[in-house]
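Just so you know, all these numbers are worked out from the coordinates, no wet-lab data involved. Since we're looking at a predicted model, the values are computed, not measured. Counting neighbours? That spans all protein chains shown, and the Cβs are built from the backbone with ideal geometry, glycine included.
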Amino acid sequence: MPWNDTIECMPLEELQKIQLAKLRETMVWVNERVPFYRRKFEQMGITVEDIKSLEDVARLPVTVKNDLRDNYPFDLCAVPMKEVVRVHGSSGTTGKPVTGPYTREDMDQWSECMARNLWAAGIRPEDVVQNAYGYGLFTGGLGFHQGAALLNCTIVPTSSGQTERQIMIMQDFRSNVLFCTPSYALTIAERAQEMKVNFKDLPLRVGVFGAEPWSAGMRQEIEERMGIKAQEAYGLTELCGPGVAFDCEVQDGLHINEDHFLPEVVDPLTLEPLPIGEKGELILTSLQRRAMPMIRYRTKDITRLRREPCACGRTLIKMDKVLGRTDDMIVISGVNVFPSQIESLLMDIEEVEPQYVLVVRKKGYLDQLTVRVEGKKDVYDAGPEKRAAVEQKIKNHIKGMIGINVQIHLEAPKIIARSEGKAKRVIDER
Ligand code: DLL
């Protein structure tokens, strides 16, 4: 049974009625309160009367990250600051952070979205949850904290980092749930092994991982190393943080909290809406947020929507695991490649560790990709001939599967920097 079965299992027609009403409400809300949106609607000559069906959302202007930067910190805020009870932010790679203000109502709704996510992962009030997402401006720490608080779990707010202490606390407090990024989960698993701590002796049962792309192979790797179920959370600061979408026990796509977020998938170049089932850029419109609603926010995340019955009983639309961000796409000899695709091919190779980094360089007019991946200790120690053979094997596998030529550097174990949060997978030297 889901956390909120009225919403999560609602017949489509009913859900879409709610979505349309809330879309129109949001449009009126921002039109009255946010000059940025009012100007855009005026320029396009569009009013709420034009929004007669959900498809009409495509007539509204899109919002991009630069709009948030230009209006930093609070010019997109639709309420006076005295009604704002919390502000989060995401650092991004350059410049000022993107801000996410919340009213009291926004906070309650965020907690509700997170509670659905955690409940779907099988987490219950009696669980001891260790929250190793970073606490602070980042939405991961406090977002998960609030969801677990609504479920009445025992929360251990370790935040990220201090890996040995994480493992000690896991042992001493008998944590049976872990929250962190997938790359940090691997770091913890590896450190535990070095400390000769066996996960079989720990009560850890499930992890809820997200905040960065990770392949299905990586999920399996984590599940095996930790002996747990690895569930997923998806979200972004601009829309609330985690709590936008989550997977259920079926682990086949992420259910979007559709009463809060209206999803579309578009062609990232032309912004043409794509039919359900086609891969493209995810666009999200918030339907209930008050402090900083987002109209058609371009996430830059590449995925596919699927409207199909799920064995869990939820009717909420599903999105595929995110393939990657348009920012991180690499073009090698005309082929578009995402780091997670390379990751999933590396996971097929038994001689390597799940630790890698991609280096992109320019050679003449062409992009060149070098994959630095750690060999397993015995493989690496077996000498240069063995290493060359494994490098060739990986090269052939990647060539065979996606048709591109890459250089492989098999590295010594523990050479690549370990992650405590979002892993940096691409070094762009172009
Ligand atoms: O990463 C929110 C979050 C925290 C989600 C904890 C899940 C767990 P930002 O820092 O604003 O917010 O980064 C948002 O991270 O646009 C995606 O590119 C990426 N991302 C988030 N979750 C996933 C996921 C948080 N499950 C950006 N799979 C998003 C792939 C993800 N990418």
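Things worth noting here:
- Within the listed set Lys363, Lys22, Lys318, the Gaussian network model of the chain (springs between alpha-carbon atoms below 10 Å) gives the highest mean-square fluctuation for Lys363.
- Per-residue [θ]222 nm for the chain (sum of -39500 (n - 2.57) over DSSP H runs n ≥ 4, rounded to 500): -10000 deg cm²/dmol
- Cross-link reach is defined here as a Cα-Cα straight distance under 15 Å, omitting same-chain residues fewer than 8 places apart; for Lys17 the aspartates and glutamates meeting it are Glu8, Glu25, Glu55, Asp56, Glu258, Asp259.
- Efficiency of FRET between Thr326 and Lys200 - r from beta-carbon atoms, R0 41 angstrom, step 0.05: 0.50
- Within the straight-line cut-off of under 19 Å between alpha carbons, the aspartates and glutamates reachable from Lys196 are Glu164, Asp172, Glu221, Glu223, Glu224, Glu353, Asp378, sequence neighbours fewer than 8 places apart in one chain being disregarded.
- Between the range 22-84 and the range 392-411, the alpha-carbon center distance in angstrom: 46 Å
- Pair-distance profile P(r), taking every C-alpha pair of the chain, with 10 angstrom steps and integer %: 4, 21, 30, 26, 14, 4, 1, 0
- Candidates per chymotrypsin sites (Phe, Trp or Tyr not before Pro) in the range 322-413, loop by DSSP, up to 12 other Cβ within 10 Å: Tyr365
- For the residue pairs Lys321/Lys399; Lys279/Lys300; Lys22/Lys52, the alpha carbons lie more than 18 Å apart in Lys321/Lys399.
- Of Thr47, Thr139, Thr63, the one that fluctuates the most in a GNM where the chain has Cα springs shorter than 10 Å: Thr47
- Candidates Ile302, Ile283, Ile416: whichever shows maximal mean-square fluctuation once the chain is modelled as a Gaussian network with Cα springs under 10 Å: Ile416
- The chymotrypsin sites (Phe, Trp or Tyr not before Pro) of the range 238-298 include none that meets both criteria, a DSSP state outside H, G, I, E and B (loop) and at most 16 other C-beta atoms within 10 angstrom of the site's C-beta.
- Of the GluC sites (Glu not before Pro) in the range 107-216, those whose Cβ has at most 12 other Cβ within 10 Å and which sit in DSSP loop: Glu126
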